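Taking it in order: structure first as structure tokens, then the write-up.
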Amino acid sequence: MSELTEKYENLRHRLKVDGLTAHHGLSGEVPYFILDYRPQDELYVRDEINQIVNGGPYGERQMNIKLFNLFDMMMDTLNEFGYTEIIYQFEKEQGMDFVIEQINNLMATNEENNRFVEYIKSRVNPDEDIIFIEGIGQIFPLVRTHKILNTMTQVIDYMPVVLFYPGKFDNIKLSMFGELNDDNYYRATQIN
């Protein structure tokens, strides 16, 4: 059994046993999880996620999984504000650093209630849902993983969250695609 297959078996087991709702940490907070994987396994990961999402409900409380793709959320917001074409122009005229700044401003990524968090929060039931997040690799380098996780934990602290991460996570450090260092993130547990 490959390491990635084992991770998914462990995730399925945890979902069946407690729906990932067992409280962890010194404060008894609901856990955030990161399932890291090699970027070349993306298609396998998508297939596994879809099987799990469609295989519920899970745990004693019969919880459902709500899947959110960060790229889709970002593009929905750009389209909603009519900024899609403007962003392409910004990239041509001002460069990628300017685009990153503008997208982070539009998505309000430095705010607790940023557009990602509000989007997710408005579409979940805290007593019935588990949040799965994908699309981290699709929005890199426009939005960084640690920004999303740090703001989410301030607002969505009452239900389990699983982030699927194309890179490496060692319970402290995030490394996008296994090569590019993202900032540290200490509040998540690695699924292994």
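Descriptive notes on the structure:
- Any chance residue 39 is in contact with a strand residue (DSSP E or B) (Cβ under 6 Å, 6 or more places away or on another chain) and at pLDDT below 90: no
- Positions within region 32-64 being open to solvent by less than 50 Å² (accessible area, probe 1.4 Å) and either of a type in the set (S, T, N, Q) or more than 20 Å from residue 145 (Cβ to Cβ) (or both), in sequence order: 52, 53, 55, 56, 58, 59, 63
- Screening residue 71 against (1) surrounded by 13 or more Cβ atoms within 10 Å (Cβ to Cβ); (2) out of contact with any strand residue (DSSP E or B) (no Cβ under 9 Å at 6 or more places or on another chain) leaves a single unmet condition, (2).
- Within region 167-178, residues that are closer than 11 Å to residue 37 by Cα and assigned to a strand (DSSP E or B) sit with their Cβ atoms under 9 Å from residues that are aliphatic (A, V, I, L, M) and open to solvent by 60 Å² or more (accessible area, probe 1.4 Å), at 6+ positions apart or across chains, in these pairs: 167/180.
- Taken together, the residues in region 108-155 that are of a type in the set (Phe, Trp, Tyr) and either over 11 Å from the mean Cα position of the chain (by Cα) or in a loop (DSSP other than H, G, I, E, B) (or both) amount to 2.
The values are calculated or read from the model by the stated rules, or taken from the named source; none is laboratory data. Because the structure is a prediction, the values reported are computed rather than measured. Positions of Cβ are generated from backbone atoms using ideal geometry, with glycine treated the same way; all protein chains shown enter the neighbour counts. Heads up: the accessible areas ignore ligands, DNA and RNA and are worked out on the full protein's heavy atoms, side chains in. Shrake-Rupley method; radii C 1.70, N 1.55, O 1.52, S 1.80 Å.
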